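Throughout, read-outs are computed from the coordinates displayed, never taken from laboratory work. Computed from a prediction, not measured in an experiment: that's the story for all the values here. So basically every Cβ, Gly included, is an ideal-geometry build from the backbone, and we count neighbours across all protein chains shown.
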Amino acid sequence: TVCAMLSAGFPSPESNENSCWDTPVQTPLLLADIGTNTEIALFIPKTEEQPAKILCTSAAAGPAFEAANISCGMSSVDGAIEKIEYKNGKLCCSVIGGGNAKGICGSGLVSAGSTFLKNNFIDKSGVIRKNVSKLGDGSVCIQLTPAVYLSQQDIRNLQLAKSAVYTGLHYMLERSPFVPLFCIAGGFGSHLDIEDSCAIGLIPDELKNCCVPLGNAALAGASAMLFSKALRKKAMEIKKHSIQINLAAVPEFQERYMNSIDFN
């Protein structure tokens, strides 16, 4: 996470403004590496009244975004559905590499949630209402292709994951003096469709127009440190001055989490 903060341009709260490594930052920076465990960091610039500071937390989203607990889930490789649209009364799937779909990846799951919601396949509570098929055990699902479907439990797993991330992001957003620049890191996060993510309540609407994808920010930061003693020193300063927040210990966390489970 410290490496990702370096990539996002987080200055050390005690940085020297004349340092060649630290251009003064006047805008809050919010960083999120979205995945099974979503790491979140917020840089708050200094004011006349208060020094700069960095707040850090994490949100346990579980494996849904890696498609590990999804019925037909798979990694973002050839054969994975990455986007779903509803056209002319039909669900149309974009498959990585073309060809027949073998499963659905994390970004496809977010796209499916948004498309289902917009076209009344599911209601705001996540219950499947339209295009219902039945599995062998009698449970309902939505058939995407002859080989790929999403079950009611898959939708529930998406809701639990997106609620955890939203709760963490919104909590940090409340601590920012104004809307921050939102840096999205990680393979999954960098391929998210922001409109879809906001539509299902994964990313707060306030961040919709200020998102910057960073790719594998942790790897980029680690690589840069290999070649610079100054950056290694800066990384230690960032670590030293980062304030950790345990979301699970926040009194209203459970209430916030439950209130965010429904779709927007």
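Sort 262, 33 by Cβ crowding within 10 Å, fewest neighbours at the top. Don't skip to the answer; put the middle values down first.
Values: 262 13, 33 25.
By the 10 Å Cβ count, ascending, the order reads 262, 33.
Mind sorting 240, 87 by how few other Cβ atoms lie within 10 Å of their own Cβ, fewest first? Provide the component values of the computation, followed by the final result.
Numbers: 240 11, 87 7.
The order, fewest Cβ neighbours first, is 87, 240.
Can you give the extra length, in nm with one decimal, that the chain gains between residue 227 and residue 125 once fully stretched, where that is 0.36 nm per residue apart less the Cα-Cα distance?
This chain segment gains 31.7 nm when fully extended.
Per 0.36 nm of contour for each residue apart, how much would the distance between residue 212 and residue 60 grow if the chain were fully extended, relative to their Cα-Cα spacing?
Using 0.36 nm per residue and subtracting the Cα-Cα distance, I get 52.5 nm.
Measuring from centroid to centroid over Cα atoms, what is the spacing of the range 43-118 and the range 215-263 in Å?
Answer, in whole Å: 20.
Considering the Cα positions of the range 109-191, please state its Rg to one decimal place and its Dmax as a whole number of Å.
16.0, 53
Report the Rg/Rh value for the range 79-231, based on alpha-carbon coordinates and the Kirkwood definition of Rh.
Rg/Rh for the range 79-231 comes to 1.05.
Under the definition of Cα pairs under 8 Å and six or more residues apart, what whole-number percent is the relative contact order of the chain?
Contact order relative to length: 25 percent.
Evaluate the distance, in nm, between pseudo-label points positioned 7 Å from the Cα of residue 77 and of residue 143 along their respective Cα→Cβ axes.
Taking the simple label geometry, residue 77 and residue 143 are separated by 2.8 nm.
Specify the angular offset, from 0 to 90 degrees and rounded to the nearest 10, of the alpha carbon long axis of helix 152-173 from the longest principal axis of the alpha carbons in the chain.
Compared with the principal axis, the helix lies near 20 degrees.
Packing-wise, with mean Cβ within 10 Å as the measure, how do 243-253, 105-115 rank, highest first?
Working: 243-253: 11.8, 105-115: 26.4.
Going from most to least packed, we get 105-115, 243-253.
How big is the Kirkwood radius of the range 64-152, worked out from every pair of different alpha carbons and given in Å to one decimal? Let's see the in-between values first.
Numbers: mean 1/r = 0.0773 Å⁻¹.
Radius from the Kirkwood sum: 12.9 Å.
Taking 22 Å as R0, compute the FRET efficiency from the Cβ-Cβ separation of residue 175 and residue 264 and round it to 0.05.
0.50
For the chain, what is the convex hull (Cα atoms) projected area averaged across all directions, in square nanometres?
Approximately 15.4 nm², given one-decimal rounding.
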